[in-house]
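I have placed the structure first, in the form of structure tokens, so that the comments after it can refer back to it.
Nothing in this text is a laboratory measurement; each read-out follows from the coordinates by a stated rule. All of these numbers come straight from a predicted model, not from anything done at the bench. Positions of Cβ are backbone-derived with ideal geometry, glycine not excepted, and every protein chain shown enters the neighbour counts.
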Amino acid sequence: MRIYLDHNATTPVRTEVVEAMTATLREGWGNPSSTHGEGAAARAAVERARGQVAALLGVAERAVWFTSGATEANNTALHGALAGSRGRHVVTSTVEHPSVDEPLRALEARGVTVTRVGVDGAGRVDPDAVAAALRDDTALVSVILANNETGVLQDAAKLAEIAHARGVPLHLDATQAIGKLPVDALALGADLLSGTAHKLNGPKGTGFLVDRSRPGLPAFVQGGPQERRRRGGTENTAGIVGLGLACALAQRELEARARHVSALRDRLWSGLQAYVPRVRRNGSAEHVLPNTLNVEFEGAAGDVLLDALDLEGVAVSAGAACHSGSIEPSAVLLAMGRTPEQARGSLRFSLGPGNSAAEIDRVLALLPALVARVREAVR
Ligand SMILES: Cc1ncc(COP(=O)(O)O)c(C=O)c1O
């Protein structure tokens, strides 16, 4: 049996979700925009899912737009906020996911100015630095709530307070936090918030943007009346049903999941410290997702260690899986002040509710010898 410790890349789809999606594909295939019975049934399924997403995030149903995932939600938020504002300036951080960073680079090429506020050695943004970066023409503050590589959490409520004091909306890429921690968009002060189903045991290719801004963002994907003209294209009904159910399950199980994975994550970290010399944790141990542990194995090549673990049946990640295959050191770890060598020697372990203590112990039994071998090879 393989041991999957890469839940920040993606998660297994829950059986209940597969079943609900299959039933939708078989029987609920109507077009939600059609006014006949088949259409009405599909529409009802989409709206039920919207309610489930809204309930998990503590927002009104009308604030939720379905998208093809968090990448589209982030693009919609950034391009939309700029299109709907006279401001030509955005404040963000140096540890954003490419789905925020790349659209911002595209906007920069069109004359928008972007201030990227740095992080400290623990991966956290200093809210005072965000306050100092705000300008009269700032259209948006966009920050990753929980980092995909380190799991480090930002102080969203504080950032919202600072941004709102200057009349600037806050966008949170909450993709990694949803389903792992309570994410209450209102309490966090998020005007815009992105998420995706496949990080919380739902399907790939379905996500959402929460838009609490007034008057609301313009459409990014144009071409139809769907989603109240905010996002054109026939809805991915089965995916949306899967997303909704994944959110409902997450809401019910959130506390138990967090307790389970944080105990395993702590077991892993204690074991690594006890059995593997020269390991160092990357990122805050306090302000962090319950499931994520990013570790530097000093003097080891992370990609080689990853392959060695894979051969032993253990899946982990070096850097971000969304763009793995590259041996570039992690930009997130570099932004935290790590050297390229330290960044290349780092692995991300991201746990899920399906992992067990026996699996963690198996990984702890494997790692000392594997790390020693990989360290030996680079000498
Ligand atoms: C923080 C973060 N934002 C956005 C995304 C993109 O999500 P999606 O795969 O749904 O486009 C990911 C996924 O890797 C992520 O970790």
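Data table
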item	result
Separation of alpha-carbon centers, the stretch 180-197 and the stretch 23-59, rounded to whole Å	22 Å
Positive-end extreme of charge dipole, the chain - chosen from SER346, ALA357, ASN201 (charges on Cβ)	ASN201
J(HN,Hα) series, the stretch 67-74, from Karplus relation 6.51 cos²θ - 1.76 cosθ + 1.60, nearest Hz, glycine and proline x	9, 7, x, 6, 4, 5, 4, 5
Set of lysines near LYS158 by C-alpha distance (under 28 Å), chain-local residues within fewer than 8 positions excluded	LYS180, LYS199
Dipole in debye (nearest 20) - the stretch 238-334, about Cα centre, beta carbon charges: Lys, Arg +1; Asp, Glu -1	380 debye
Qualifying chymotrypsin sites (Phe, Trp or Tyr not before Pro) for the stretch 26-101 [loop in DSSP, other Cβ within 10 Å: at most 14]	TRP29
Net charge dipole size for the stretch 1-86 [Lys, Arg +1 and Asp, Glu -1 on Cβ; Debye, nearest 20]	200 debye
Most positive-pole-ward Cα, GLY39, SER270, ALA160, against dipole of the chain from beta carbon charges	GLY39
Cα centre as origin, Lys/Arg/Asp/Glu Cβ charges: the chain dipole, Debye	360 debye
DSSP-defined antiparallel bridges as percent of all bridges, the stretch 90-199, nearest 5	10 percent
Top positive-direction residue, dipole computed over the stretch 206-328 with Cβ charges, set VAL241, LEU309, LEU289	VAL241
Under 10 Å, Cβ to Cβ, from VAL143 - net charge with Lys/Arg +1 and Asp/Glu -1	-3
Long-range HN-HN contacts of GLN176 with modeled amide H, under 5 Å	ALA146
